[in-house]
Amino acid sequence: MTTAAAESAITFVDGDNGILEYRGYPIEQLTKRSTYLEVAYLLLHGELPTTDQADKWVQEITYHTFIHENMRKRFLEGFHYDAHPMGILVSAIAALSTYYPDAKNIFDPEVRHKQIIRLIAKMPTLAAAAHRYSVGMPFVYPDNSHDFPSNFLSMVLKTPESRFEANPALVRAMDALFILHADHEQNCSTAALRVVASSQVDPYSACAAACAALYGPLHGGANEAVIRMLTEIGTLENVPGFIRSVKEGHGRLQGFGHRVYKNYDPRAKIIRDIAYEVFEVTGKNPLLDIALGLEEVALADEYFVSRKLYPNVDFYSGLIYQAMGFPVEMFPVLFAVPRVAGWVAHWVEMLEHNTKIARPRQLYVGHRRRDYVPMSSR
Ligand code: SDX
């Protein structure tokens, strides 16, 4: 809780004052003025790209969105019909390491660059494929004439029409949500990435480990847990009773609290504003009123105030995803798609710092030397 596990120059978080900056740029400015692909470049290279750099970067990503046909036909279709898309995604990322054995040459910058492009480019395709498979819809190939967020929405939502055109407000909201989820310094999944990558394994295997950590309900799985919680509460009238049960120790207020933020998570504020823009298009998510009611009661209650529990990035994001038509199981997947930019940025930073293999110390509290006891004497 207090020992720094790494030195990093990628993301700065001031938990007491609710500040989040990527390479020094405030998240509020990036969400309003940048794009996810530009932010991914910034996280990786430390500077915003010039026009030429951005054009080359976007072109490389755009032309690496396809996955091997075997991956689609044999691997993905090997899952049970109702497999959770996050379980599919974790497995699919690991499986990518078997298609690109050259990725093991992790100290070759050119090889690293190629895998980074593949990971950022293929995450939306794998995520969409996992979703389509889990709802029994046919796989949709990437459409390189779309920009990054539009292509993702097309692969998720397209039906028989020849070309899918998402509402521009939803495309903008998707891109902003990707920016907000791209990195967050040494969170559980990024820390997992650094530990696994420190063994010098390929980046696909390390990102699969990170994605597995993100799956947990205390981390990226919280956005799914929030919607299940709001659905269970059901009406505004049930909010006081639910708050009471949490205070009595029965379960947690999902989407609240954070190891670092002891103030409002700046991302939660931005996401709440995005929610209103999305609801203009999709119609208001009825669970929003319950979420707002929960927030109002919790922020006035000593139990939450004394523990500095505020809404975090996961409290409102699920309301948007649900209004956009994503099933609840897809919510942690939507977190993982952009977080890969942070994972690969930390991977490169760690390799360039020549990090040793992770091997934490322990305080041994068990028995010391004692002699074996035969079964008859136990
Ligand atoms: C993310 O680290 C990151 O940066 C993560 C993330 C990222 O971008 O990568 O920001 C994304 O994971 C956001 C967090 C999403 N998780 C949730 O919303 C799940 C609900 N929240 C928690 O379970 C909890 O707040 C954590 C896991 C987020 C933080 O846990 P900590 O820091 O270990 O805090 P704790 O469990 O020690 O809690 C301190 C106290 C305890 O009470 P006491 O034992 O002191 O009486 O606060 C209570 C907890 O019981 N508490 C809660 C609570 N969270 C903490 N009580 C009710 N509801 C909650 N949500």
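The values are calculated or read from the model by the stated rules, or taken from the named source; none is laboratory data. Fair warning: this is a prediction, and the values are worked out from it, not measured in the lab. Heads up, the Cβs are rebuilt from the backbone with ideal geometry, glycines too, and the neighbour counts pull from every protein chain shown.
Can you pull out every residue in segment 267-294 that is under 29 Å from residue 245 (Cβ atoms), buried (at least 18 other Cβ atoms within 10 Å of the Cβ) and out of contact with any Pro (no Cβ under 6 Å at 6 or more places or on another chain)?
267, 271, 272, 275, 285, 287, 288, 290, 291, 293, 294, listed by residue number.
Which of the residues that make up segment 350-378 are touching a helix residue (DSSP H, G or I) at 6+ places or on another chain (Cβ under 9 Å) and either assigned to a helix (DSSP H, G or I) or within 15 Å of residue 207 (Cβ to Cβ) (or both)?
350, 351
For segment 177-214, give me each residue that is more than 11 Å from the ligand (Cβ to nearest atom) and within 16 Å of residue 338 (Cα to Cα).
177, 178, 179, 193, 203, 204, 206, 207, 208, 209, 211, 212
Is at least one residue of segment 237-245 part of a helix (DSSP H, G or I) and either under 26 Å from residue 30 (Cα atoms) or more than 16 Å from the ligand (Cβ to nearest atom) (or both)?
Yes: one or more hits.
Just one of the numbered conditions (1) free of Cβ contacts under 8 Å to residues at least 40 places away in the same chain; (2) aromatic (Phe, Trp, Tyr); (3) within 16 Å of the ligand (Cβ to nearest atom) is not true of residue 164; which one?
Residue 164 satisfies every listed condition except (3).
Only one of (1) without any contact (Cβ under 8 Å) to a residue 60 or more places away in the chain; (2) more than 22 Å from residue 209 (Cα to Cα); (3) under 19 Å from the mean Cα position of the chain (by Cα) is not met by residue 92, so which one is it?
Checking residue 92 against (1) without any contact (Cβ under 8 Å) to a residue 60 or more places away in the chain; (2) more than 22 Å from residue 209 (Cα to Cα); (3) under 19 Å from the mean Cα position of the chain (by Cα), the one that fails is (2).
Identify the residue in segment 306-325 that is within 11 Å of the ligand (Cβ to nearest atom) and of a type in the set (A, V, I, L, M) and, among all such residues, is modelled with the highest pLDDT.
Per the criteria, the residue is 309.
Name, by its number, the condition in (1) crowded, with 22+ Cβ neighbours inside 10 Å; (2) farther than 21 Å from residue 118 by Cβ that does not hold for residue 189.
All conditions are met except number (2).
Of the residues 127, 176, which is surrounded by 19 or more Cβ atoms within 10 Å (Cβ to Cβ), outside the structural domain of residue 292 (by TED's automatic domain parsing) and closer than 20 Å to residue 279 by Cα?
176
Among the residues of segment 184-224, what is the count of those that are among the β-branched types (Val, Ile, Thr) and within 30 Å of residue 323 (Cα to Cα)?
1
Considering (1) assigned by TED's automatic domain parsing to the domain that holds residue 96; (2) touching a residue at least 40 places away in the same chain (Cβ under 8 Å); (3) assigned to a helix (DSSP H, G or I); (4) buried (at least 23 other Cβ atoms within 10 Å of the Cβ), say which one residue 155 fails and leave the rest.
Among (1) assigned by TED's automatic domain parsing to the domain that holds residue 96; (2) touching a residue at least 40 places away in the same chain (Cβ under 8 Å); (3) assigned to a helix (DSSP H, G or I); (4) buried (at least 23 other Cβ atoms within 10 Å of the Cβ), residue 155 violates only (2).
So, residue 291, is that one under 16 Å from residue 254 (Cα atoms), within 11 Å of the ligand (Cβ to nearest atom) and either outside the structural domain of residue 209 (by TED's automatic domain parsing) or modelled with pLDDT of 95 or more (or both) or not?
Here the answer is no, as residue 291 does not meet what is asked.
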